[in-house]
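Only the coordinates and a few stated rules stand behind these numbers; no lab work does. Everything numeric here is computed off the predicted structure, so don't read it as measured data. For neighbour counting, all protein chains shown are included, and Cβ atoms are generated from backbone atoms with ideal geometry for every residue, glycine included.
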Amino acid sequence: MEKHDLIHEFPELKDKIHQLKTSNTHFRNLFEDYHETDHEVHRIETGAENTTDEILNALRKKRLHLKDQLFSLLQQV
């Protein structure tokens with residue numbers, strides 16, 4: 001199972017990601033929430049943590065929603 005951190009998802013936007021993380025509090029908060037959610041999904045998918053399919057699917061949807069929000073902000077820069 002691979003992780004879905006933003007740098008690997010959007011390598012071409014690495015500089016913008018860094019810029020927004022340091023200059024935009026809203027982006028930074030969304031980024032941190034995305035990172036934590038992605039880490040939790042990864043732990044479940046690799047078997048390090050157990051949960052129900054419903055919870056895993058909800059976390060995946062949350063991660064996708066956060067990624068969409070972050071991508072939208074990155075497109076505005």
**Item:** Pairs with Cβ under 8 Å, 6+ apart, first in segment 58-72 and touching a residue at least 12 places away in the same chain (Cβ under 8 Å), second outside any helix (DSSP H, G or I) and of a type outside the set (Phe, Trp, Tyr)
**Value:** Arg63/His4; Lys67/His4
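From the list Leu64, Leu59, Leu74, which one is part of a helix (DSSP H, G or I) and in contact with a Leu (Cβ under 7 Å, 6 or more places away or on another chain)? Don't jump to the end; show me each part of the working.
Working: Leu64 fails: in contact with a Leu (Cβ under 7 Å, 6 or more places away or on another chain); Leu59 fails: in contact with a Leu (Cβ under 7 Å, 6 or more places away or on another chain).
Matching residue, one of Leu64, Leu59, Leu74: Leu74.
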**Complete:** When segment 23-58 is checked residue by residue, the ones that are of a type in the set (A, V, I, L, M) and crowded, with 17+ Cβ neighbours inside 10 Å are Leu30, Val41, Ile44
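Considering every residue within segment 15-22, establish whether at least one is touching a residue at least 12 places away in the same chain (Cβ under 8 Å), basic (Lys, Arg) and surrounded by 14 or more Cβ atoms within 10 Å (Cβ to Cβ). Outline the logic, then answer.
Restricting attention to segment 15-22, the residues satisfying the condition of being touching a residue at least 12 places away in the same chain (Cβ under 8 Å) are 16-17, 19-20.
If we keep only those that are basic (Lys, Arg) too, we end up with 16.
Still in the list and also surrounded by 14 or more Cβ atoms within 10 Å (Cβ to Cβ): 16.
Yes, that holds for at least one residue.
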**Request:** Go through the residues of segment 20-36 one by one and say whether even a single one is part of a helix (DSSP H, G or I), among the β-branched types (Val, Ile, Thr) and in contact with a helix residue (DSSP H, G or I) (Cβ under 6 Å, 6 or more places away or on another chain).
**Result:** no
